[in-house]
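Please treat every number below as a calculation from the coordinates, not as lab data. These numbers come from a predicted model, not from an experiment. Cβ placement follows ideal geometry from the backbone for every residue including glycine, while neighbour counts extend to all protein chains displayed.
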Amino acid sequence: MKHIIAFAGSNSKESINKQLATYTANLVQEAEVSIIDLNDYELPLYGIDYENEHGIPDNAQKFLKLIQESDGVVLSLAEHNGAYSAAFKNIFDWMSRIDGKLWAEKPMLLMATSPGARGGASVLEIAKSRFPYMGGNIVADFSFPSFGANFSEGKITNEELNAALLLKVDTFSKAL
């Protein structure tokens with residue numbers, strides 16, 4: 001059985017991106033799913049001075065190991081001011097100091113959502129252009145608009161959007 005990890009690029013306890021990642025990962029058939037929370041991998045703010053004085057924190061090593069040991073990654077990025085959240089960018093920076101190809105060519109279903117109609121499209125585009133240089137094997141991507149209007153009680157309520165996501169999940173599943 002394949003093992004996938006799913007997480008949000010957010011440290012919000014009520015993260016809509018974590019809700020979307022969890023829902024999506026659980027749609028993958030015949031896979032063991034681990035839901036990861038960035039809050040469980042607290043890290044100091046990345047800085048070269050800190051790294052030179054203290055080395056790379058264990059939590060960065062542990063998080064990278066989760067990626068490396070998985071068969072695939074479901075990631076939904078939060079969008080803060082059109083880019084990654086500070087929490088995601090920090091863990092991303094720390095992991096890149098360990099391995100520049102941190103995504104390890106694992107099949108990835110990359111997503112973003114937001115309360116607005118653009119569904120995190122800006123951060124999704126940034127990641128789609130950057131991750132391949134860092135070992136990202138993005139096999140499918142999905143921008144989910146207007147989270148509050150289209151997601152309720154742990155699932156997508158808009159049938160058209162759910163059907164579109166199911167196609168992306170199928171593509172991801174076949175790549176595992």
> For Ala121 and Tyr50 in one chain, what is 0.36 nm times their gap in residues minus the Cα-Cα distance, to one decimal in nm?
Replying inline: 22.3 nm
>> On C-alpha positions alone, give me the angle between the axis of helix 16-25 and the longest principal axis of the chain, in degrees, nearest 10.
In response: 70 degrees
> Which shape class applies to the range 1-63: rounded if a/c is under 1.5, otherwise prolate when a/b exceeds b/c and oblate if not, where a ≥ b ≥ c are the square roots of the Cα gyration tensor eigenvalues?
Replying inline: oblate
>> Quick check on the range 1-137: take the gyration tensor over C-alpha atoms, sort the square-rooted eigenvalues as a ≥ b ≥ c, and tell me if it's rounded (a/c under 1.5), prolate or oblate.
In response: oblate
>> Can you say what percent of the DSSP beta bridges in the range 2-175, counting only those with both residues inside, are antiparallel? Round to 5.
In response: 10 percent
> Counting GluC sites (Glu not before Pro) as exposed when in a DSSP loop with at most 16 other beta carbons within 10 Å, what is the longest stretch of the chain free of them?
Replying inline: 43-104
> Rounded, prolate or oblate: which fits the range 70-176 when a ≥ b ≥ c are the square roots of the eigenvalues of the alpha-carbon gyration tensor, with rounded for a/c under 1.5 and prolate only if a/b beats b/c?
Replying inline: oblate
>> Between 0 and 90 degrees, rounded to the nearest ten: what's the tilt of helix 121-130 against the longest Cα principal axis of the chain?
In response: 50 degrees
> Can you list the residues, at least 5 places off or on another chain, whose amide H is less than 5 Å from the amide H of Gly120, using H built in the peptide plane?
Replying inline: Ser114
> What is the distance in Å between the Cα centres of the range 141-174 and the range 1-76?
Replying inline: 21 Å
> If you line up the long axis of helix 58-69 against the longest principal axis of the chain, both from Cα atoms, how many degrees apart are they, to the nearest 10?
Replying inline: 50 degrees
> the range 69-176: which chymotrypsin sites (Phe, Trp or Tyr not before Pro) are DSSP loop and have at most 14 other beta-carbon atoms within 10 angstrom?
Replying inline: none
